[in-house]
1. Of the residues in the range 280-321, how many are under 14 Å from HIS225 (Cβ atoms) and more than 15 Å from the chain's Cα centre (by Cα)?
2. Please name all residue pairs, on different chains or six or more residues apart, with Cβ atoms under 6 Å, provided the first residue is in the range 229-254 and is at pLDDT 70 or above and the second residue is among the hydroxyl-bearing types (Ser, Thr, Tyr).
3. Yes or no: LEU338 among the aliphatic types (A, V, I, L, M), touching a Leu at 6+ places or on another chain (Cβ under 8 Å) and buried (at least 17 other Cβ atoms within 10 Å of the Cβ)?
4. Is it true that LYS307 is at pLDDT 95 or above, in a loop (DSSP other than H, G, I, E, B) and surrounded by fewer than 17 Cβ atoms within 10 Å (Cβ to Cβ)?
5. Scan the range 52-75 and give yes if some residue there is more than 29 Å from CYS227 (Cβ to Cβ) and at pLDDT below 90, otherwise no.
6. Among the residues of the range 272-293, are any part of a helix (DSSP H, G or I), surrounded by fewer than 16 Cβ atoms within 10 Å (Cβ to Cβ) and either hydrophobic (A, V, I, L, M, F, W, C) or on the phi > 0 side of the Ramachandran plot (or both)?
7. When you scan the range 178-193, do you find a residue that is of a type in the set (Val, Ile, Thr) and in a helix (DSSP H, G or I), even just one?
8. Would you pick out the residues in the range 173-192 that are out of contact with any strand residue (DSSP E or B) (no Cβ under 9 Å at 6 or more places or on another chain) and buried (at least 21 other Cβ atoms within 10 Å of the Cβ)?
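The values are calculated or read from the model by the stated rules, or taken from the named source; none is laboratory data. The model shown is predicted, which means the values in this text are computed figures rather than measured ones. Here the Cβ positions follow ideal geometry from the backbone for every residue, glycine too, while neighbour counts run over all protein chains shown.
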Amino acid sequence: MGGTPRLRGAWAEKIMSSRIKTTTVGSYPVPAWMVGDLSHIKLRDAVMAVLKTQELAGLDLLTDGELPRFDPSHPDANGMVDYFISRLGGIRNEFTIADSDRFGPNRILGYRLLTAGIVVGKIGPGTLNLPMDHEFARALTKFPLKFTCTGPHMLARMLNDCFYKNVPDLAMDIAAVLRQQLELVDADTVQLDEAAIAGYPQDSAWAAEVVNHVLDGIVNEKAVHICFGNYGGQPILRGFWESLIPFLNSLHCDHLVLEFARRGYDELSAFSALDPKIRLGIGVIDIKDNEVESPDLIASRIERIVKTLGPERLQYVHPDCGFWMLQRSVVDRKMRALVEGRDLFEGRL
């Protein structure tokens with residue numbers, strides 16, 4: 001591998017003293033045996049299989065694949081929104097003909113026939129139980145575990161509000177519920193997924209306030225995932241990272257989890273303006289493409305990130321977004337390639 005990128009000298013010493021970690025963003029393809037049978041034992045087997053697959057791939061930080069959020073009545077979605085909306089109090093999930101006429105297709109998520117839910121009362125915890133969700137996976141592995149949770153800005157923006165009349169107030173009440181529950185989650189890392197902010201940059205000031213309200217209750221490592229959407233293998237939002245830097249700088253998180261592989265790396269330099277206290281997780285795996293990246297390609301992407309931003313900024317490498325729309329056979333090979341590419345960059349292969 002004569003052209004393989006390697007770090008040398010002082011850079012190599014810095015990187016090796018703070019090893020770049022590998023992880024996923026959260027979701028994993030639903031195993032076939034879960035479709036049509038969401039019994040406890042089938043779900044347990046599926047989560048255990050996903051955790052073991054990540055262990056064997058060599059990932060440093062595991063997730064439960066977000067499998068407990070899968071709803072076979074909505075196989076076109078992975079529960080990122082519906083799982084939370086269907087459990088929170090104050091939200092109606094059944095829709096009438098009048099609702100259809102009133103709300104129509106969601107302007108941002110055009111694939112939805114209706115909104116995710118209609119807010120009809122004050123938001124409460126309802127039947128949402130995030131500590132129990134975490135314990136379900138925590139009991140199945142001794143490896144470091146990341147717990148993912150959709151953030152308050154995204155959840156608020158996916159709802160039609162007939163109660164608060166003010167989206168920031170709605171979002172803050174959602175944030176209060178999430179914080180109360182995440183304070184009881186002692187995962188190694190808790191990651192908030194805010195996949196709508198790129199489509200609503202005008203929300204940045206109040207969105208940061210509600211997101212920080214949740215982050216301030218997390219007891220261990222705090223991460224925030226930002227992307228430009230993924231549905232049917234296509235992005236659904238447009239925008240540029242540079243316009244989001246002020247919002248990102250205001251977050252009380254330890255690191256960010258960002259989409260880059262699909263978009264390319266020309267925008268990396270914008271992150272020179274990011275608060276140095278915030279470390280970076282950068283996507284080096286394209287989840288909108290079935291082609292499995294080679295370790296050499298991944299190593300070269302990591303090299304470009306480090307050369308642009310410096311070795312001290314990069315803490316994690318991972319896919320751009322969740323894996324749920326790909327086939328398991330593709331995902332498993334992409335995870336192995338991710339680890340091999342990181343190891344190749346750091347001189348372990």
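1. Total satisfying the criteria: 1.
2. Close Cβ pairs satisfying both conditions: PHE247/SER204.
3. Yes, satisfied.
4. No: the conditions fail for LYS307.
5. no
6. Yes: one or more hits.
7. no
8. ALA175, the sole residue that qualifies.
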